[in-house]
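FYI, it's all coordinate maths here, none of it is from the lab. Keep in mind that this is a model prediction, so the values were computed, not measured. Cβ: placed from backbone, ideal geometry, glycine included. Neighbour counts: every protein chain shown.
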Amino acid sequence: MNALYALFAVVALMLLAFLGVSTADLNVLFGAIVPYAAVSVFLIGVSYRVLKWATVPVPFRITTVCGQEKSLPWIKSSPLESPHNGVYAALRMALEVLAFRSLFRNTRISLAPDEKSIGGKRIVYSSNFFLWLGALAFHYCFLIILLRHFRFFTEPVVFFVPLLQDLDGFFQVGVPGVYMTGLIFVAAVGYLLLRRFSNPQVRYISLAADYFPLFLLLGIAGSGILMRYFFKVDVVKVKELMMGLIGFHPVVPDGIGSLFYIHLFLVCVLVAYFPFSKLVHMAGIFLSPTRNMANDNRAHRHINPWNYPVDVHTYEDWEEEFKDKLIAAGLPLDKG
Amino acid sequence: MSSEELDIKPEELLDFDYDPPQKDWMDPSVAFRKGTYCYSAAPKNLEYLGLPNPRDWQPHDKDWKLPPDWKETILDGMKDRLSKFRSFQLFMDICVRCGACADKCHFFIGSGDPKNMPVLRAELMRSVYRNDFTAAGKILGKLAGGRELTEEVLKEWFYYFYQCTECRRCSVFCPYGIDTAEITMMARELLNLVGCNINWALEPVANCQRTGNHLGIQPHTFKDSLEFFQDEIEDITGIKVNLPINKKGADVLFVVPSGDYFADPGTFTLMGYLMLFHEIGLDYTWSTYASEGGNFGLFNSHELIKRLNAKIYLEAKRLGVKWILGGECGHMWRVVNQYMDTMNGPADFLEEPVSPITGTKFENAKSTKMVHICEFTADLMQHNKLKLDPSRNDSLRVTFHDSCNPSRAMGILEEPRYVLRNVCKHFYEMPENTIREQTYCCAGGAGLGTDENMEMRMRGGLPRGNAVRHVQMKHDVNRLACICAIDRATLIPLVDYWAPGVEVTGVHELVGNALVMKGEKERELSMRGDPLNEMEDDEDV
Ligand code: HEM
Ligand code: SF4
Ligand code: SF4
């Protein structure tokens, strides 16, 4: 059900863009106003989110420790799993962000018959790095595709674009050259979506908000691929539009083709949706207290800005209460 | 009730699968089935601590006697905490429901109940957060994953947030480090605001506030118990160990979880400490006021952590010691490592800890001034300051259970292993998915280790039990060592159920066995009073 809602939403968005441009002639709306609005929402929204998180204090140092702490000098510590200073904490974070370190640990369990175990069954662990692989493939392809798009946003085209294009199109197949990232991207997002349907636990927890970005991404990638390989759009005009937007002199050239507007509109939706959804995990991960703090609590005092005094049973009151018992046991009293 | 009296056989307990039900999880529903939940806290305990809404009630009652404005109280409490804990705010916002954490929780693994998947446990609260604290939820409601906070939802919170042992295993696997334990801690604080506490978590707090320890042991009884162990040691070794209590001006204040002077097998570990300190001539003291290192406040609220924990520094100051040494305990070390200094420091009246025997500076503890006994003992061993005869533990085939908090909230993995390898010759590790940072909970932590919760404990104990059984079959392991007082109580029924024949032991119990003391008589008995080389021998004849 949740998946259907999400699919409907994405299809409706596509139709909206298609009808808007092809029948109502709303090119200016979809070519200029919506993109500006989306980017504004993104910038304000993400800043708001990050500022909101950043202004909430971190009262305690609650590092999740995943390895030996630094203790006695002759005991080998694991500074990347249990960082003892800020530098190692930053490296740990870099591993999380660049290599999805924690996801790499993923395993899957099942309950299998085993006569030696009590009750006749036991837990078996199997490796399960597909989620890691799929997620990593998706994110890196997303990044590369995003960077490749800079050929539309820069004049002269920035140096990394041809570089990426060469790398990406390394296996020249067909004309125009097929970019691997585009295909891997679709495959990876497809896998993530399929997983949401086929893994019973993941399906059970999935909300509409989990399917929506995946359908949206497939819509974006799909329309992009169609434009590149099947229904050519006028790339020169697209660049004109983009450069206009970037230079704050929006010009909306005629005859780009509605497919492009669908593509652009879905991207705008993604961009505007970003700050209000789980997609903010991109910013959030950097602020995650269990991952970005060093495990050095006993060596350096962490300050809680709202630490407040509490009701404590003081020694004096305690001694008063147990005076007779203390005397009977021959234990010394403070108040003679 | 022990696990043997649990009238569900392991076969029946394992008769479930991991397929979630048809029903949407958003519809709240809980059945308080006997054996799977803990009883409510007695009103006297709430009254003693000054907590809200003390009353007679039970979770299985239809009417929970909530205060009329309970909903407002909870939502206000949520708002307050969202602005005080970045962890809470962030963890409400960034979960992508990837499911990596789903099958990492021992309670899910042993029950198949989807609401025991860490992600769904957290969603129970996140759905309310979305409904009341996000724009999308306010407008779109259920479509955006929002749920109104109803009494049914509250009951669900109670059931599932007292079915999380705050072990943090899920957090290890989450790509963003989302720690469901942190969410559980918030949920319990909120539940506490309207008087929905459990007795097993709260009574120890009331006891500790009053007497200084969870078990409510008063100073004269404390002293009697220690003297009893002194006599036991004399029987075994012929040596009367010294027993300094409330001694002003000692070098070191020693703090242990009260379970260690209350019940076997913790007591054997405590005897190990007494012998060790006597043998090395440590100038230290016990305290009757700070007679608890553990801190059940952790299982209720941050404020209660601070109230109980304050006594340790207060007592260190009053006695004028130089630094503090802490015994084997799991959650105690979470508090010491992650909360104590922040809450009740700075301990600037103490000195940076230095071992008086080896001269080693414990630089990693230079601010809290509190050292873990395994760090202390490992250092002694590395400097060859102890005479050890590991053959006295020859009849023991030992494996080591990393307790949740020492591993995931501290990172003390090697020290206990180093100590164990020095005192026994037969040491075997359990499979790697079940130890170190991936270790499994005993399923009785965080105040859930009570008998009425036995079915759930045995379910949650399945992955640990399986792993123990594995080394029992493979290497004839007969001892499960740990450095946690809760474990020493909760692992016993667990292994009786899932790996019968294995006994639970503290690390310093084995140190006590192996320690060769100056002037001791020939040792014939172990700390348990069993003949040394025949212990547990005839078990598998
Ligand atoms: C610092 C950068 C980022 C990191 C470390 C990161 C990490 C992750 C990880 C570990 C997952 C979980 C795996 C999964 O569910 O597939 C994930 C999921 C996801 N990420 Fe990111 N991400 C980042 C940036 C982004 C950006 C910029 C987007 C933009 C669209 C994005 C979109 C998504 C989506 C849609 C999912 C959900 C996939 C699913 O539903 O299965 N991420 N991310
Ligand atoms: S692993 Fe983290 S992000 Fe993934 S579902 Fe669990 S809590 Fe959410
Ligand atoms: S903290 Fe432990 S008990 Fe709680 S949800 Fe996570 S894995 Fe389960």
Discussion item. Once you keep just the Cα pairs under 8 angstrom separated by 6 or more residues, what percentage relative contact order results for chain A?
Written reply: 31
Worksheet item: With the contact rule set at Cα under 8 Å and sequence spacing of 6 or more, what percent relative contact order holds for the range B:122-274?
Response: 12
Discussion item. I'd like the distance separating the alpha-carbon centroids of the range B:284-312 and the range B:225-261, in whole Å.
Written reply: 20
Worksheet item: Going by a ≥ b ≥ c, the root eigenvalues of the Cα gyration tensor, does the protein assembly as shown fall in the rounded group (a/c under 1.5), the prolate group (a/b larger than b/c) or the oblate group?
Response: prolate
Practice prompt. Using a 10 Å cut-off on Cβ atoms, rank the peptides B:473-485, B:368-380 from the highest mean neighbour count down.
Written response: B:368-380, B:473-485
Discussion item. Exceeding 30 Å between C-alpha atoms, which entries from my cross-link table qualify? They are B:Lys366/B:Lys521; A:Lys76/B:Lys385; B:Lys44/B:Lys104; B:Lys34/B:Lys306; A:Lys325/B:Lys306; B:Lys34/B:Lys142.
Written reply: B:Lys366/B:Lys521; B:Lys44/B:Lys104; B:Lys34/B:Lys306; B:Lys34/B:Lys142
Discussion item. For a protection proxy built on the mean count of beta-carbon atoms within 10 angstrom, sort A:29-36, B:396-403, B:56-63 highest first, please.
Written reply: B:396-403, A:29-36, B:56-63
Practice prompt. Count, for each residue of B:102-110, the Cβ atoms from other chains sitting within 10 Å of its Cβ, then give me the mean as a whole number.
Written response: 3
Fill in: Net lengthening on full extension, A:Val236/A:Ala54 (0.36 nm per residue, minus Cα-Cα)
61.3 nm
Fill in: Candidate aspartates and glutamates - alpha carbon under 14 Å from B:Lys62, same-chain residues fewer than 8 apart omitted
B:Glu151, B:Glu152, B:Glu156
Worksheet item: Separation of the range A:211-277 and the range A:94-147 by C-alpha centroid, Å?
Response: 34
Worksheet item: Nearest 20 debye, what's the magnitude of the dipole of the range A:2-328 about its Cα centre given +1 on Lys and Arg Cβ and -1 on Asp and Glu Cβ?
Response: 840
Worksheet entry | Residue-averaged beta-carbon neighbours from other chains (10 angstrom radius) around A:118-129 | 6
Worksheet item: Where in chain A are the helices, taken as whole DSSP H runs, whose Cα atoms extend 20 angstrom or more along the long axis and whose Kyte-Doolittle mean reaches at least 0.0?
Response: A:2-22, A:34-55, A:130-148, A:180-198, A:208-225, A:258-273
Practice prompt. Using packing as a proxy for protection, rank A:15-25, A:57-67, A:202-212 so that the peptide with the highest average count of other Cβ atoms within 10 Å comes first.
Written response: A:57-67, A:202-212, A:15-25
Fill in: Estimated dipole of chain B in Debye, rounded to 20 [Cβ of Lys and Arg +1, of Asp and Glu -1, Cα centre]
1980
Worksheet entry | Rounded to 10°, Cα long-axis angle of helix B:118-133 versus longest principal axis of chain B | 50
Item to complete: Between B:Asp56 and B:Ser29, take the C-beta separation as r, use R0 = 35 Å, and let me know the FRET efficiency to the nearest 0.05.
Response: 0.90
Item to complete: Give the distance, in whole Å, between the Cα centre of the range B:79-137 and the Cα centre of the range A:43-82.
Response: 19
Worksheet item: Within straight cross-link reach of B:Lys240, meaning Cα distance under 12 Å, which aspartates and glutamates are found once same-chain residues fewer than 8 apart are removed?
Response: B:Glu227, B:Asp231, B:Glu232, B:Glu279, B:Glu520
Item to complete: Would you tell me the mean number of C-beta atoms belonging to other protein chains that fall within 10 Å of each C-beta in B:80-89, as a whole number?
Response: 5
Worksheet item: What percent does the relative contact order of chain B come to when contacts are Cα pairs within less than 8 Å and at least six residues apart?
Response: 18
Response to the item:
Here the net charge surrounding B:Gln438, from other residues whose Cβ is less than 10 Å away from its Cβ (Lys, Arg +1; Asp, Glu -1), is +2
Worksheet item: Mind checking which lysines have their C-alpha under 21 Å from A:Lys323, skipping anything on the same chain fewer than 8 residues away?
Response: A:Lys335, B:Lys223, B:Lys247, B:Lys248, B:Lys311, B:Lys317
